[in-house]
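The values are calculated or read from the model by the stated rules, or taken from the named source; none is laboratory data. Just so you know, these numbers come straight off a predicted model, no measurement behind them. Cβ atoms come from the backbone with ideal geometry, glycine included; neighbour counts cover every protein chain shown.
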Amino acid sequence: MGEAQAAEGKAEQTEQIGRTVQIVQTVQIVETEKIGQPVQAEKTEKTKQTEKTKQTEYRANTRRHLLIREAVPEDRQVLQDVLIDAYGQYEQTLSEARWMEYKDSIIQAIDAAPTSARLVAELDGEVVGSVFLFESSEKAYGNPGLGILSPIIRLLGVSRKARGAGVATELIAASARIARDSGASTLHLHTSDMMDSAVRLYERLGFERAYDKEFMSGEVLVKSYRLQLANASFLQ
């Protein structure tokens, strides 16, 4: 479900939640065959100098409108609501103490994580998903010893009511484009066996296990996956 090929142009800089981040070019796709697989369509590039966020828009055959954009400070509460709802599916899997710890870490990340980009997904005008992008394992986890010096995505989440519309894949695709445009050759993420449906999505998109970048969190193996951006078919 990748995104339509981005128009060429220089990336711009914008202030987002107190930090300067690199953002992608705005492209509007008037019509697509299915989510992430565009047919030939006229593209129009927005050039307003006052624009503070860059967006990628398209319409699928269902006529539902999906928009991936940079988060703004006003998104803070809805980001929390979306992520708590998305990860709330694991509340019954985890112990009460572990769930509360996990939930608190999500809230802390929203408020203080040193991200290089924060993206949100709007479906028919409603924020239903988000993903955070970090420059390295030191930024993502406070763990420079893990040795990941390329972008990492964390806190990829989609509201349960919005699943099945391709939102997660579009968030990953947008993150991958930011990583690629920054000059990175790989994009990393970490997950666990608990998130089996997410793992299937990652593997379908071409992510492969990076065994040398895995670690233990208590008794849980945190698995690492790596995408070779040059080989990612959904970015072509």
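Some notes on this structure:
- Pairs linking a residue in the stretch 135-148 that is in contact (Cβ under 8 Å) with a residue 60 or more places away in the chain and buried (at least 19 other Cβ atoms within 10 Å of the Cβ) to a residue that is aliphatic (A, V, I, L, M) and assigned to a helix (DSSP H, G or I), with Cβ atoms under 8 Å and 6 or more positions apart or on different chains, are Ser137/Leu146; Ile148/Ala140.
- Residue satisfying condition, being under 19 Å from Arg200 (Cβ atoms) and at pLDDT below 95, within set Ala173, Ala165: Ala165
Here's the yes/no breakdown for (1) hydrophobic (A, V, I, L, M, F, W, C); (2) surrounded by fewer than 22 Cβ atoms within 10 Å (Cβ to Cβ):
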| site | (1), (2) |
| --- | --- |
| Ser150 | no, yes |
| Leu171 | yes, no |
| Ala174 | yes, no |
| Ala179 | yes, no |
| Ala184 | yes, yes |
| Ser197 | no, yes |
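- Scan the stretch 112-124 for residues that are of a type outside the set (D, E, K, R) and part of a loop (DSSP other than H, G, I, E, B) and the total you get is 4.
- Scanning the stretch 101-139 for residues that are of a type in the set (Phe, Trp, Tyr) and touching an Asp or Glu at 6+ places or on another chain (Cβ under 9 Å) gives a single hit, Tyr102.
- The condition of being buried (at least 21 other Cβ atoms within 10 Å of the Cβ) and touching a helix residue (DSSP H, G or I) at 6+ places or on another chain (Cβ under 9 Å) holds for only one of Leu79, Leu123, Leu94, that being Leu79.
- Some residue of the stretch 185-196 being modelled with pLDDT of 95 or more and more than 16 Å from the chain's Cα centre (by Cα): yes
- Strands (runs of 3 or more DSSP E) wholly inside the stretch 125-236 containing at least 3 residues that are in contact with a strand residue (DSSP E or B) (Cβ under 7 Å, 6 or more places away or on another chain): 126-134, 152-158, 186-191, 220-228
- Matching residues in the stretch 68-111 - criterion: being in a loop (DSSP other than H, G, I, E, B) and either among the small types (Gly, Ala, Ser) or over 17 Å from the mean Cα position of the chain (by Cα) (or both): Ala71, Glu91, Gln92, Thr93, Leu94, Ser95
- Residues located in the stretch 82-93, provided they are in contact (Cβ under 8 Å) with a residue 24 or more places away in the chain and more than 16 Å from Gly157 (Cα to Cα): Thr93
- Among the residues of the stretch 205-227, the ones that are surrounded by fewer than 18 Cβ atoms within 10 Å (Cβ to Cβ) and more than 16 Å from the chain's Cα centre (by Cα) come to 14 in all.
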